[in-house]
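Report on the following structure.
The values are calculated or read from the model by the stated rules, or taken from the named source; none is laboratory data. These numbers were taken from a predicted model, which means no experiment stands behind them. Positions of Cβ are backbone-derived with ideal geometry, glycine not excepted, and every protein chain shown enters the neighbour counts.
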Amino acid sequence: MTLSFAPASDPSLPLHVIAQSDLESWISDQPGSVATWVEHSGFTAGLGQTLLIPDADGAPSMALAGYGKPAGRARKRFPLAAAAEALPKGTYRIASGLSDDVLETECLGWLLTGYSFDRYASQSAAKARLVAPDGLDVARLEVLAKAEALIRDLVNTPASDMGPDQLQAASEALAQEFGASCSVIAGNDLLDQNFPMIHTVGRAAAQAPRLIEMNWGDAGPKLTLVGKGVCFDTGGLNLKPGSSMGLMKKDMGGAANVLGLARMIMALNLPLQLRVLIPAVENSVAGNAFRPGDILTSRKGLTVEINNTDAEGRLVLADALALADEGKPDLVISMATLTGAARVAVGADLAPFYTDSDKAADALTHAARAAADPVWRMPFHEPYEGMIEPGIADLDNAPAGGFAGSITAALFLRRFAVDSPYIHFDIYSWQRSKEPGRSKGGLGQGPRALLTALPEMLGL
Ligand code: BES
Ligand code: ZN
Ligand code: ZN
């Protein structure tokens, strides 16, 4: 797996990126031998097509990458990555055809073609390497690629090797790499230190429930990231059917995404004070599992009626958000694979987010475009507040009927983050089938948009 640019000193083949509409004029500018080769090759500059062009000795002298039509490119996150994945092993430098406004995104996409998840079997990642074009912020793009690879690895690793123990170990390793501090409250200590809902959700599992905390940076605005670390979600006693449970190793996708974002922030040395909170649990089934009908008292003191043990994410997040809020940071961001309803609303590709701040929402919306990390604002719709109030307790964790399920989950979380500006992401963190630059499986959703928006949101 290579997630870096090739050294500029490496011998490299010039790569011409050619949109379909430009092919004819490009050919007409070439010497006769090149024009003849291209015309006989069947190369039409379709998106992802590639062609090597030989010199008089038969050695490659240049390469072509088809860049298709605007409508086809608009369907891809990283259009050039399609060609990058198809090119033969070697080192390339972009000689023409990419405009400045897409250069950064396309180079990131190229780097990400180097990702593969090969922990359990060797995989074939793309073999074509790129020399960074002049003027590109190489260090930043490599940081983004490495953080994305971290997220994918964490999500792809099954619960057998990514339980609360290993999620803690991954957090500690990240903290150590960047000189951050990391501490953990686990098992019965959660009760002693008043994190009752994290304990309740995770107490039936073989590995103890815990709250992982990481701190980094000692000056600048305070940013707290909270990530859902449900290492496996069986649904608890309201057990998920097998078809829904199959993917639930990825229910720590929120934790993976905040660790990825934390990695970016620390590697780029952003001038802020970072706190990361990860409630890490497995939502499992045993004699001591929590039950439908139970009423829990949260860290904040709000009582919660459990109407479905499968709505566990908001419970563990609620205690972590309450702690986040106590620190009165300048911004709290939670990321979680929280609801199926979010998928019904916007599908797998968009990362829906909630915030009361129009400024933050605008910053994120613009940043998402620049960062090739699409997000979509959803409403904290106040008239639905009544739906999360069951009467017998302060809050209902699973309102009957399921209407507006992503919104009611977001409203639930907001009850625990009342003293700090708050953004919540309800993400999928999974790529259902391979796309250029995006491997099938675990995937970052939102961290690049957030990183890009942070300067505006926090006044950095
Ligand atoms: N982890 C799931 C949400 C989920 C499901 C995310 C599928 C991505 C894909 C969460 O814990 C859950 O089960 N939520 C329930 C809540 C419901 C019982 C109120 C859901 O969305 O069905
Ligand atoms: Zn669940
Ligand atoms: Zn879950």
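A few comments on the model shown:
- So residue 200, is it β-branched (Val, Ile, Thr), within 13 Å of ligand 1 (Cβ to nearest atom) and assigned by TED's automatic domain parsing to the domain that holds residue 263: no
- Among the residues of this structure, residue 257 counts as one that is closer than 21 Å to residue 417 by Cβ, more than 11 Å from ligand 3 (Cβ to nearest atom), among the polar types (S, T, N, Q) and in contact with a strand residue (DSSP E or B) (Cβ under 6 Å, 6 or more places away or on another chain).
- So residue 65, is it surrounded by fewer than 18 Cβ atoms within 10 Å (Cβ to Cβ), of a type outside the set (Lys, Arg), assigned by TED's automatic domain parsing to the domain that holds residue 94 and at pLDDT 95 or above: no
- Residue list for segment 56-78, restricted to those being in contact with a Gly (Cβ under 7 Å, 6 or more places away or on another chain) and either over 20 Å from residue 124 (Cα atoms) or of a type in the set (Gly, Ala, Ser) (or both): 66, 67, 68, 77
- Residues in segment 365-381 that are in a helix (DSSP H, G or I), surrounded by fewer than 18 Cβ atoms within 10 Å (Cβ to Cβ) and in contact (Cβ under 8 Å) with a residue 24 or more places away in the chain were compared, and the one that is nearest to the chain's Cα centre (by Cα) is 370.
- Only residues that are surrounded by 15 or more Cβ atoms within 10 Å (Cβ to Cβ) and part of a helix (DSSP H, G or I) were counted in segment 141-178, giving 26.
- Of all the criteria given as (1) hydrophobic (A, V, I, L, M, F, W, C); (2) touching a strand residue (DSSP E or B) at 6+ places or on another chain (Cβ under 7 Å); (3) in contact (Cβ under 8 Å) with a residue 40 or more places away in the chain, the one not satisfied by residue 341 is (2).
- Count of segment 190-249 residues which are in a strand (DSSP E or B), of a type outside the set (D, E, K, R) and touching a helix residue (DSSP H, G or I) at 6+ places or on another chain (Cβ under 8 Å): 13
- Among the residues listed as 433, 420, the single one being assigned to a loop (DSSP other than H, G, I, E, B) and either free of Cβ contacts under 8 Å to residues at least 24 places away in the same chain or within 16 Å of ligand 2 (Cβ to nearest atom) (or both): 433
- Filter result (more than 16 Å from ligand 2 (Cβ to nearest atom) and touching a residue at least 12 places away in the same chain (Cβ under 8 Å)) within segment 292-304: 293, 295, 297, 298, 299, 300, 302, 303
- Filter pass, residue 406 being crowded, with 24+ Cβ neighbours inside 10 Å, within 16 Å of ligand 3 (Cβ to nearest atom) and over 20 Å from residue 370 (Cβ atoms): no
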